[in-house]
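The values are calculated or read from the model by the stated rules, or taken from the named source; none is laboratory data. Keep in mind that this is a model prediction, so the values were computed, not measured. Cβ coordinates were reconstructed from backbone atoms using ideal geometry, including for glycine residues, and neighbour counts include every protein chain displayed. SASA here: full protein model, heavy atoms, side chains in, ligands and nucleic acids out. Shrake-Rupley method; radii C 1.70, N 1.55, O 1.52, S 1.80 Å.
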Protein chains: 2
Amino acid sequence: MAEAAARKRARGGGGAARRAERTAVSVETARHIERNIPNFEVLNEEALQIIEANAETVLEEIGVNFVNNPAALERWREAGADVQGERVRLPKGLAKSLIAHAPSKFTQHARNPERNVEIGGRNLVLAPVYGPPFVRDADGGRRYATIEDFRKFVKLGYMSKWLHHSGGTVCEPTDIPVNKRHLDMLLAHMTLSDKPFMGSVTEPSRAQDSVDMCKILFGEEFASNNACMTSLININSPLTFDDVMMGAMEVYAENMQASIISPFIVGGAMAPVSVAGTLTQVLAEVMAGIAYSQLVRKGAPVIFGAFVTSIDMNSGAPTFGTPEAAHITYGAGQLARRLGLPFRSAGSFNGSKLPDAQAGYETANTLNVGLLSGVNFMLHACGWLEGGLVSSFEKFVTDADQLGALHKLAAGVPMDVEAQAMEAIREVGPGGHYLGCAHTQKHFKSAFWRSEVLDYKPYEQWADEGGRDTATLAAARVETLLERYQQPAMDPGVAGALNEYVARKKASMPDAFS
Amino acid sequence: MAEAAARKRARGGGGAARRAERTAVSVETARHIERNIPNFEVLNEEALQIIEANAETVLEEIGVNFVNNPAALERWREAGADVQGERVRLPKGLAKSLIAHAPSKFTQHARNPERNVEIGGRNLVLAPVYGPPFVRDADGGRRYATIEDFRKFVKLGYMSKWLHHSGGTVCEPTDIPVNKRHLDMLLAHMTLSDKPFMGSVTEPSRAQDSVDMCKILFGEEFASNNACMTSLININSPLTFDDVMMGAMEVYAENMQASIISPFIVGGAMAPVSVAGTLTQVLAEVMAGIAYSQLVRKGAPVIFGAFVTSIDMNSGAPTFGTPEAAHITYGAGQLARRLGLPFRSAGSFNGSKLPDAQAGYETANTLNVGLLSGVNFMLHACGWLEGGLVSSFEKFVTDADQLGALHKLAAGVPMDVEAQAMEAIREVGPGGHYLGCAHTQKHFKSAFWRSEVLDYKPYEQWADEGGRDTATLAAARVETLLERYQQPAMDPGVAGALNEYVARKKASMPDAFS
């Protein structure tokens, strides 16, 4: 009872909260994208079967390493795997039978239940950029990220109509000690936004902090039985599971919190230089990782992740928005669906140093692939710049705006009698004009998606207003959004308890910067 | 015999020609894109049947206008249509039975037979921007286009590895009288490039000039029996066929030259504000237009065109790269395939004033839709800026570069044993690195598509080199390409005859500027 009341308070019950909700811009946030269009499938049945058979062969003959993790090796041994040193070889079918315990779809809860997201099925949940140590904005250029930058990104994410999720490390707050920054990041997500968020994965103890803070925010019983975080567990490709990431995953799975089990692959470096070879390795890695999550706790929610990109063989730099990355993403989506798992991939990927045309091309290439490949959870959906080294304020808002187009595209083509518009065609007739006809007047406000950042003005007006490029228009929007930001209401008791937890934890350990 | 010899000469036979060919950059030009991936289909069978039935109803009950064209009305009357004044109503099934005479696929010839393109089937032919009165470049900004600009764009098109077609009005040479500029444009395409090109449509007499010049270039007999031009015939939406465009089309059809029969639609203005309504009107218009082409000459090659975009209801400006345009393009592709016709749509569309991030997003959105919607002929594939008012030199080369990515994407995923890379996965094993392995060494040069314009350098190197954005990098590429340009060899007799034709025609009429 007390739990439920606390949870209601934390989620912003009460008159002040409701008033704040009504005035906050973010009230409009879409719940998630529900696809009413087909997925695009680049692999035929034969290709899929070859890759699946090869992945099973990789798991059985080559196997995977679980490093520094005797408990994992013991779990595998008990499950029937062949364990030699840290190498785990899985007999054919073992991974798949374990994966069958994972849910095909789950709800990630937000402190505001209107922001809960459904991950899996035909849905697409969009979350912002994750991980960059640098930020860039029009005024300050490129610099190390701070906690103040971090808070600004959380606010911008909260303000976005098209972003369903507050994300995790929207940038690395490098001004906070490494062993303490997860606390400030979680506090920012929990208090500055009411959208769902991600937990820390940089140490098992920090994953435990994330779980403990969720228990304060959601109430202990609720947080113990429901997914209140989705966290990013990277596989050390090729075929290696390190103790830090696995340790964090174990904490999350034990607490029924969701994990994205995701290879991080630059093709040609961490996987074969071919699409088919990369997909084989991705599948083997994800199968081993998700099978392991189910050894830790059957039914723990997980996502089939694939962060895969190509490499520029001249410079060794990862490249983004490329056709090979598209092939891999489409193919990985098919493989994930055949396993009945939610799928994570794609994002606002690009290798540009600036939010310029390169950033635009590469990002749009990847966002479109993400939608059509059937991605269920798209991390990095906005704000990514410079191969993931930089979180860009301007790109955050232009990307977030483009996500609106994905919503409309996913909705498919209405075919009701009104949409068929035969009366309008009759009314206007040959040589006429539709702007004034009744059908147009009735539907024009909702008929077409409209960017809130890009320029649609006539040339002369645009020139008179200074001839601003997209980056300049975006900088103005960043400023406006941050000015209009209003913190979502929260029970002061819960806020106090979270602050107290963070203060106590910080005081309990010396600063560490590496 | 003389014809064949002349044609061989025109196409650049002879030692000098062969030497020139060997050194010219454009020798590498891809023939066309052959899709080895599925099309994306946004409409289900029921939706397609509704739209097809509605289009037949539009043709039968509302009909189309053929303006100022008694001969067309007479042709329709003879074919069994109900003609009242300029209104032509087609009984159900009439259009479809006429369309059945049009080829589903045809070859457009180039003076260099290696540049012939196959239009239809699984192929995609890429042609540059068409029609802008302005040009923009980094140095000169935005200004009226001249014939010198025109020639530069033809050269850039010839130099592009990924552009299969030289196009038509790559910009409007506004410094040449309106009634003469088609001659200079054709001469530029015929002499500065050896790729296929488009004819004039601004007057039937100019279409006839185009045919006559083709007879000089290809030889009279060859040009009378083969498609040596593909020209753009716009429908005056809604449902109106004007005498100028139809007059040009009649000339082309009579001479077995190809026409794109294409509505030019800003949704909400020239067609209903809904996707289903717009597709209905597009289908009715194209069916009437193509049926008419087959009344002029059965078997004349034609393309189902759809230039359709959305409108910003705030400013009335057309908008590009939007989700509604994507829906319409995907749907129109399905409708074209069901009629067994080649399909034209998409391009480097955007509404931006500059080659900036907006231009990048919107263009990439549209290029990807173009590929996946099954487009067979993509006009405007590079260089389009500012809603089609401007041909941009910088955007021409960055777009043309992105077209390389479309080629790779369309090729699909190789699944042979070498591509499966199982030996590489075995060789590298858990925790290893693929850069040095035999499989990577063998394939790295061809494995990944690589941009020749975009920046892949490390941040520090990029900053040291001036921190250039995409537009700046593109400006340098424009300069390099124009410096490296070498005119493809041509028989001096043919060149002389073409020049003589143009001079004689120009001398035969006074200048007209409107």
Kindly list the number of the only condition in (1) open to solvent by less than 10 Å² (accessible area, probe 1.4 Å); (2) in contact with a strand residue (DSSP E or B) (Cβ under 8 Å, 6 or more places away or on another chain); (3) closer than 30 Å to B:S224 by Cα that fails for B:F264.
(1)
Cβ-Cβ under 9 Å, sequence separation 6+ or interchain: first residue in the range B:485-514 and more than 27 Å from B:E114 (Cα to Cα), partner charged (D, E, K, R). Which pairs?
B:K505/B:K180; B:K505/B:D209; B:K505/B:D212; B:K506/B:K180; B:K506/B:D184; B:M509/B:K180; B:D511/B:K180; B:A512/B:K180
Those residues that are surrounded by fewer than 24 Cβ atoms within 10 Å (Cβ to Cβ) and more than 21 Å from the chain's Cα centre (by Cα), I need them from the range A:298-321; list them, please.
A:K298, A:G299, A:D312, A:M313, A:N314, A:S315, A:G316, A:A317
Determine if the range B:83-91 includes at least one residue that is away from chain A (no Cβ under 14 Å) and modelled with pLDDT of 80 or more.
yes
Check A:L217, A:L232 and return the single one that is out of contact with any strand residue (DSSP E or B) (no Cβ under 7 Å at 6 or more places or on another chain) and buried (at least 24 other Cβ atoms within 10 Å of the Cβ).
A:L217
Criterion: touching a strand residue (DSSP E or B) at 6+ places or on another chain (Cβ under 7 Å) and crowded, with 24+ Cβ neighbours inside 10 Å - qualifying residue of B:F377, B:F396
B:F377
Any chance the range B:305-318 includes a residue that's hydroxyl-bearing (S, T, Y) and at pLDDT 95 or above?
no
Return a yes/no flag: does the range B:103-111 have any residue that is aliphatic (A, V, I, L, M) and open to solvent by 10 Å² or more (accessible area, probe 1.4 Å).
no
As an exercise: evaluate B:A332 against (1) closer than 26 Å to B:L371 by Cβ; (2) at pLDDT below 95 and give the number of the one condition it does not meet.
(2)
Inter-residue pairs, beta-carbon under 8 Å, first free of Cβ contacts under 8 Å to residues at least 24 places away in the same chain and in the range B:61-83, second in a helix (DSSP H, G or I) and open to solvent by 60 Å² or more (accessible area, probe 1.4 Å), 6+ apart:
B:V83/B:R77
Test result for B:A288, assigned to a helix (DSSP H, G or I), buried (at least 24 other Cβ atoms within 10 Å of the Cβ) and touching a residue at least 24 places away in the same chain (Cβ under 8 Å):
yes
Test set (1) assigned to a helix (DSSP H, G or I); (2) farther than 18 Å from A:S514 by Cβ; (3) open to solvent by 20 Å² or more (accessible area, probe 1.4 Å) - A:K161 fails condition number:
(1)
If A:S391 satisfies every condition in (1) small (G, A, S); (2) open to solvent by less than 40 Å² (accessible area, probe 1.4 Å); (3) facing chain B (nearest Cβ under 7 Å) but one, which is the exception?
(3)
Consider A:S259 against the criteria (1) part of a helix (DSSP H, G or I); (2) more than 14 Å from every other protein chain (Cβ to nearest Cβ); (3) among the polar types (S, T, N, Q); (4) within 27 Å of A:R75 (Cβ to Cβ): it satisfies all of them except one. Which criterion is unmet?
(1)
For the range B:429-448, what are the residues that are touching a strand residue (DSSP E or B) at 6+ places or on another chain (Cβ under 9 Å) and not in a loop (DSSP other than H, G, I, E, B)?
B:F444, B:A447
Residues of the range A:428-444 being surrounded by fewer than 17 Cβ atoms within 10 Å (Cβ to Cβ) and more than 7 Å from every other protein chain (Cβ to nearest Cβ), which ones?
A:G436, A:A438, A:Q441, A:K442
Within the group A:L295, A:L279, A:L283, which residue is under 17 Å from A:V64 (Cα atoms), of a type in the set (A, V, I, L, M, F, W, C), over 23 Å from the mean Cα position of the chain (by Cα) and part of a helix (DSSP H, G or I)?
A:L295
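If only one of B:E148, B:E118 is acidic (D, E), modelled with pLDDT of 95 or more, under 30 Å from B:R468 (Cα atoms) and open to solvent by 20 Å² or more (accessible area, probe 1.4 Å), which one is it?
B:E148
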Among the numbered criteria (1) open to solvent by less than 50 Å² (accessible area, probe 1.4 Å); (2) more than 13 Å from chain B (Cβ to nearest Cβ); (3) at pLDDT 95 or above, which single criterion is violated by A:E479?
(1)
In the set B:A410, B:A463, the lone residue that is among the small types (G, A, S) and open to solvent by less than 20 Å² (accessible area, probe 1.4 Å) is B:A410
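Residue-wise test of (1) over 21 Å from B:A300 (Cβ atoms); (2) among the hydrophobic types (A, V, I, L, M, F, W, C); (3) not in a strand (DSSP E or B).
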{"residue": "B:I119", "(1), (2), (3)": "no, yes, no"}
{"residue": "B:P132", "(1), (2), (3)": "yes, no, yes"}
{"residue": "B:V154", "(1), (2), (3)": "yes, yes, yes"}
{"residue": "B:T169", "(1), (2), (3)": "yes, no, yes"}
{"residue": "B:E172", "(1), (2), (3)": "yes, no, yes"}
{"residue": "B:I176", "(1), (2), (3)": "yes, yes, yes"}
{"residue": "B:R206", "(1), (2), (3)": "no, no, yes"}
{"residue": "B:V211", "(1), (2), (3)": "no, yes, yes"}
{"residue": "B:K215", "(1), (2), (3)": "no, no, yes"}
Looking at the range B:408-427, which of its residues are at the interface with chain A (Cβ under 8 Å from one of its Cβ atoms), in a helix (DSSP H, G or I) and not β-branched (V, I, T)?
B:K408, B:L409, B:E418, B:A419, B:Q420, B:M422, B:A424, B:R426
So which residues in the range B:53-82 are away from chain A (no Cβ under 13 Å) and open to solvent by less than 50 Å² (accessible area, probe 1.4 Å), if there are any at all?
B:N69, B:A72, B:L73, B:W76, B:A79, B:G80, B:A81
What number of residues within the range B:379-388 are more than 7 Å from chain A (Cβ to nearest Cβ) and in contact with a helix residue (DSSP H, G or I) (Cβ under 8 Å, 6 or more places away or on another chain)?
6
